[in-house]
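Asks: Dumping the structure here so I can ask a few things about it.
The values are calculated or read from the model by the stated rules, or taken from the named source; none is laboratory data. Please read all numbers here as calculations on a predicted model, not as lab measurements. Because the Cβ atoms are built from the backbone with ideal geometry, glycine has one as well, and the counts that use them run over all protein chains shown. The accessibility values were calculated without ligands, DNA or RNA, using every heavy atom of the protein model including side chains. Shrake-Rupley method; radii C 1.70, N 1.55, O 1.52, S 1.80 Å.
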Amino acid sequence: MENKIILITGGAGFIGSNFIKYINRHYADYKIINFDKLTYAGNLNNLVGLEDTPNYTFMKGDVAVAKDVKNVFEQYLPNFVVNFAAESHVDKSILDPTIFLETNIIGTQNMLNYAREHNVEKFIQISTDEVYGSVKIKNRCSENSHIMPNNPYAASKAAADHLVRVAYRMYNQNVNIIRSCNNFGPFQFPEKFVPIVINNAIQNKKIPIYGDGLHIRNWIYVEDACRAIDLVLHEAEAGEIFNIGTEIFHSNLDLVKIILSELEKSENLIEFVEDRKGHDRCYSTNYQKIRNMLNWRVETNFEIAMKETINWYKNHHDWLAEIQSGEYTKYNEQIEKRNLLET
Ligand code: NAD
Ligand code: TDX
């Protein structure tokens, strides 16, 4: 494979950091640029070990600030862009949508503009099954289904998808959109359901379940999602949209019971709390297109991957403690200072 420069935004977050490590493992010749604002969810601790790799560079910047985006494109002239950068937490978007519109919508448009100006070969937008809104489990949404988001986060991601599609229609930009179901795995920020459940259970703390707990989510191990992104990046035709899903559907209550049983903890830890406003009952997509066109398959067994994820959190108490104490912010600052000295 030819040497390529790949610009990954949001690479200090959960999926982005897993994807950077995936690319580093599979494409040793690629130069990886991680462009991240380091919000509360961005953590350079997720990439420990990579700082000293010559083909990896971190650059702090905000996708919503055109000047920052211009700088990273001018400095590194990427061949590929994978846009993970986003405000990603639904509950936060309900409290205050503004930053979601800035990062997820303006940010995506800025990335598209400079990608076009610099003749980027392929632009991948990381989107979500949430854009389709709530559906019955059997009514699987295809890539052509109606977009019907039900919270500010999902609406901002839907708006970004439209802008990416427009870039293809108007300018024939080589873009793809990937709409994934819920990811789980190592390095997921402990505001999301799976890490909350695991970490609270480990610490014998109550586990908050919104509403009646019968809301259904479709789960994918992050490594399977990374492989799908790799395939779309390298093999998909311009303008195509791909759902990524699995056959693993669980109600939130059942998922908690699975994790509690694995940890040999009592179900008495479960606490039903006030429901999320507009809480989507179920997401369900048809992902035959990526199976048929790109031959993508889930390779991970859910039970094994969940056990590994639980063990990862058990063995990375320091990672969590730093986040919870705010220490990781200081670490990020140290790395930034070092990068400034080096450039
Ligand atoms: P995350 O919150 O863990 O990470 C987001 C990263 O983006 C962080 O490193 C953060 O610092 C960075 N970021 C935020 N605002 C930025 C800005 N303005 N400029 C530059 N960087 C910025 O999120 P995640 O769970 O890893 O999700 C990554 C992407 O995948 C998002 O686009 C999300 O919508 C999408 N997605 C996530 C899931 C999931 O289950 N986690 C499912 C489907 C789609
Ligand atoms: O404390 C909780 N209790 C609870 O019952 C939390 C944080 C969540 N929940 C429920 C809400 C959802 O039904 O668990 C389910 C999963 O919640 P999140 O982890 O917040 O994920 P979700 O809202 O489904 O959105 C996720 O998947 C789609 C990601 O956060 C998005 O970025 C992605 O696009």
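Asks: If you count only protein heavy atoms and use a 1.4 Å probe, how large is the accessible surface of MET170, to the nearest 10 Å²?
Replies: Looks like 120 Å² after rounding.
Asks: Mind scanning LYS92/LYS265; LYS60/LYS277; LYS31/LYS122; LYS4/LYS122; LYS37/LYS206 and naming the pairs with a C-alpha gap bigger than 23 Å?
Replies: From LYS92/LYS265; LYS60/LYS277; LYS31/LYS122; LYS4/LYS122; LYS37/LYS206, over 23 Å: LYS92/LYS265; LYS60/LYS277; LYS37/LYS206.
Asks: Normalised by the number of residues in segment 5-342, what is the relative contact order in percent for Cα pairs under 8 Å and 6+ residues apart?
Replies: Here the relative contact order equals 19 percent.
Asks: Using the charge dipole of the chain (Lys, Arg: +1 at Cβ; Asp, Glu: -1 at Cβ; taken about the Cα centre), state which of TRP219, ILE23, SER156 has its Cα farthest towards the positive end.
Replies: SER156
Asks: Heavy-atom accessible area of ASP52 with all protein chains present, probe 1.4 Å, nearest 10 Å²?
Replies: Here the residue's solvent-accessible area equals roughly 120 Å².
Asks: Send over a whole-number figure in Å² for the accessible area per residue of the chain, probe 1.4 Å.
Replies: Accessible area per residue: 44 Å².
Asks: Using the Cα centre of segment 239-302 as the reference point, and only Cβ charges (+1 on K/R, -1 on D/E), how large is the resulting charge dipole? Debye, rounded to the nearest 20.
Replies: 320
Asks: How many percent of all Cα-Cα pairs in segment 5-342 sit more than 29 Å apart?
Replies: 36
Asks: Put +1 on the Cβ of every Lys and Arg and -1 on every Asp and Glu Cβ in segment 5-342; which of ILE241, ALA201, PRO78 then has its Cα farthest towards the positive end of the dipole?
Replies: So the residue we want is ILE241.
Asks: Sort LYS277, LYS157 by heavy-atom solvent-accessible area, probe 1.4 angstrom, most to least.
Replies: LYS277, LYS157
Asks: Determine the share of segment 5-342's accessible area contributed by carbon and sulfur atoms, expressed in whole percent, with a 1.4 angstrom probe.
Replies: 50
Asks: Give me the net charge for the shell around LYS307: Cβ to Cβ below 13 angstrom, other residues only, Lys and Arg +1, Asp and Glu -1.
Replies: Here the count lands on -3.
Asks: Hey, got the dipole for the chain? About the Cα centre, +1 on K and R Cβ, -1 on D and E Cβ, debye to the nearest 20?
Replies: That gives the chain a dipole magnitude of about 520 debye.
Asks: Under the rule of -39500 (n - 2.57) per DSSP H run of 4 or more residues, summed and divided by the residues of the chain, what mean residue ellipticity at 222 nm is obtained, to the nearest 500 deg cm²/dmol?
Replies: After summing the helix terms and dividing by residue count, I get -13000 deg cm²/dmol.
Asks: Let me ask you something else. Which net charge results for the neighbourhood of ARG291, defined as the other residues with beta-carbon distances under 14 angstrom from its beta-carbon, given Lys and Arg at +1 and Asp and Glu at -1?
Replies: Net charge around ARG291: -2.
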